[in-house]
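Right, one structure below, let's go through it.
The values are calculated or read from the model by the stated rules, or taken from the named source; none is laboratory data. Model, not experiment: these values are computed from the prediction. Cβ coordinates were reconstructed from backbone atoms using ideal geometry, including for glycine residues, and neighbour counts include every protein chain displayed. Side chains are part of the model used for accessible areas, which takes the heavy atoms of the whole protein and leaves out ligands, DNA and RNA. Shrake-Rupley method; radii C 1.70, N 1.55, O 1.52, S 1.80 Å.
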Amino acid sequence: MSEAFDCAKCSESLYGRKYIQTDNGPYCVPCYDNTFANTCAECQQLIGHDSRELFYEDRHFHEGCFRCCRCQRSLADEPFTCQDSELLCNDCYCSAFSSQCSACGETVMPGSRKLEYGGQTWHEHCFLCSGCEQPLGSRSFVPDKGAHYCVPCYENKFAPRCARCSKTLTQGGVTYRDQPWHRECLVCTGCQTPLAGQQFTSRDDDPYCVACFGELFAPKCSSCKRPITGLGGGKYVSFEDRHWHHSCFACARCSASLVGQGFVPDGDKVLCQGCSQAGP
């Protein structure tokens, strides 16, 4: 008498039938699938023992059910992304969720190096200086009306230039005759003393400190022989071809101030009317 050879689940004889052996005994195919097969997350049907099964994040799929939820392309042998539990091929993911490069208009692929600024995105190799057209990468840049410049190009294109040396002013500087100057470039034409922050004047568009201007160009006081610059509110008196500081315009005899008073010239001197009438 032969020994019984039955399914461990339904107890039906397995003689002449296909079966699957497990540690718990043999199973007919239907019982094996009902007992051990996983349910496909897509079609909700059992994944039979003779089906290729794919597994992703605790979910099981028939090979034919493992596909992009948008274009239905099979993902069995394709790279894919999961977005909100939905499986997407790279093309559909990029179309739906990736940014477009503001320079070339192509998709910025996930994982690729990119740059973002002002709500726009660029491929790293597309984010170029509008001047020299070199990649800006991690370099400092200056935006200007939709363009982007590296600092040297921006300074060469837009920064003011010193009226003396023609080089750009990157910071500071002073204004003279409505033109920008480096502080170190604005110097006295005579003695080369820096003029920024101090009183100065000019002649023929050349700047001079007060001392040099007085020595070189200012008339000399007929009394003290020092220059009369007229700077700083200084007042002076002129008579014929002679000049005096207000404080120096006085009677040569009694030293009384003649400013606003009548006076009498006496050779290279001036006298008040009283001293003039008193005789020599």
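Among the candidates 193, 201, 170, single out the residue that is free of Cβ contacts under 8 Å to residues at least 24 places away in the same chain and within 19 Å of residue 229 (Cα to Cα).
That would be 193, the only listed residue that is free of Cβ contacts under 8 Å to residues at least 24 places away in the same chain and within 19 Å of residue 229 (Cα to Cα).
Quick test of your reading of the structure: residue 69 fulfils all but one of (1) exposed (fewer than 13 other Cβ atoms within 10 Å of the Cβ); (2) in a loop (DSSP other than H, G, I, E, B); (3) over 27 Å from the mean Cα position of the chain (by Cα). Name the failing condition by number.
(1)
Charged (D, E, K, R) and either closer than 30 Å to residue 141 by Cα or in a helix (DSSP H, G or I) (or both): which single residue out of 42, 116 fits that description?
On the way: 42 fails: either closer than 30 Å to residue 141 by Cα or in a helix (DSSP H, G or I) (or both).
Just one listed residue meets the conditions, 116.
Residue 51: out of contact with any Gly (no Cβ under 7 Å at 6 or more places or on another chain) and surrounded by 14 or more Cβ atoms within 10 Å (Cβ to Cβ), yes or no?
yes
How many residues are open to solvent by less than 70 Å² (accessible area, probe 1.4 Å), in a strand (DSSP E or B) and within 13 Å of residue 222 (Cβ to Cβ) when one looks only at the stretch 233-265?
Looking only at that region, the number is 10.
Quick check on the stretch 42-79: of everything there that is hydrophobic (A, V, I, L, M, F, W, C), touching a helix residue (DSSP H, G or I) at 6+ places or on another chain (Cβ under 9 Å) and farther than 24 Å from residue 94 by Cβ, which residue is modelled with the lowest pLDDT? Give the derivation first.
Let us first name the residues in the stretch 42-79 that are hydrophobic (A, V, I, L, M, F, W, C), namely 43, 46-47, 54-55, 61, 65-66, 68-69, 71, 75-76.
If we keep only those that are touching a helix residue (DSSP H, G or I) at 6+ places or on another chain (Cβ under 9 Å) as well, we get 43, 46-47, 54, 68-69, 71, 76.
Imposing the further condition that a residue be farther than 24 Å from residue 94 by Cβ reduces the set to 43, 46-47.
On the way: 43: 90, 46: 90, 47: 86.
By that ranking, first place goes to 47.
Looking only at residues in the stretch 54-66 that are in contact (Cβ under 8 Å) with a residue 24 or more places away in the chain and part of a loop (DSSP other than H, G, I, E, B), which one is most open to solvent (accessible area, probe 1.4 Å)?
Taking the stretch 54-66 as the starting set, the residues that turn out to be in contact (Cβ under 8 Å) with a residue 24 or more places away in the chain are 56-57, 65-66.
When the remaining residues are screened for being part of a loop (DSSP other than H, G, I, E, B), the result is 57, 66.
Numbers: 57: 117, 66: 11 Å².
Among those that are in contact (Cβ under 8 Å) with a residue 24 or more places away in the chain and part of a loop (DSSP other than H, G, I, E, B), it is 57.
Looking only at the stretch 19-34, decide whether some residue is buried (at least 16 other Cβ atoms within 10 Å of the Cβ), more than 22 Å from residue 82 (Cα to Cα), charged (D, E, K, R) and free of Cβ contacts under 8 Å to residues at least 60 places away in the same chain.
Checked against the condition, which is being buried (at least 16 other Cβ atoms within 10 Å of the Cβ), more than 22 Å from residue 82 (Cα to Cα), charged (D, E, K, R) and free of Cβ contacts under 8 Å to residues at least 60 places away in the same chain, the stretch 19-34 yields at least one hit.
Considering only residues that are part of a strand (DSSP E or B) and over 15 Å from residue 164 (Cα atoms), look in the stretch 178-201 and name the one that is most open to solvent (accessible area, probe 1.4 Å).
200
I'd like to check something: does the stretch 3-26 contain any residue that is assigned to a helix (DSSP H, G or I) and farther than 30 Å from residue 127 by Cα? It would help to see each step written out before you state the result.
Here is the first cut: in the stretch 3-26, the residues assigned to a helix (DSSP H, G or I) are none.
No, the stretch 3-26 contains no residue that is assigned to a helix (DSSP H, G or I) and farther than 30 Å from residue 127 by Cα.
Quick one: residue 39 ticks every box in (1) under 20 Å from residue 67 (Cβ atoms); (2) exposed (fewer than 12 other Cβ atoms within 10 Å of the Cβ); (3) of a type in the set (Ser, Thr, Tyr) bar one, so which box is it?
All conditions are met except number (2).
Which of (1) over 24 Å from residue 29 (Cβ atoms); (2) part of a strand (DSSP E or B); (3) more than 36 Å from the chain's Cα centre (by Cα) is the odd one out, the single condition residue 81 does not satisfy?
(3)
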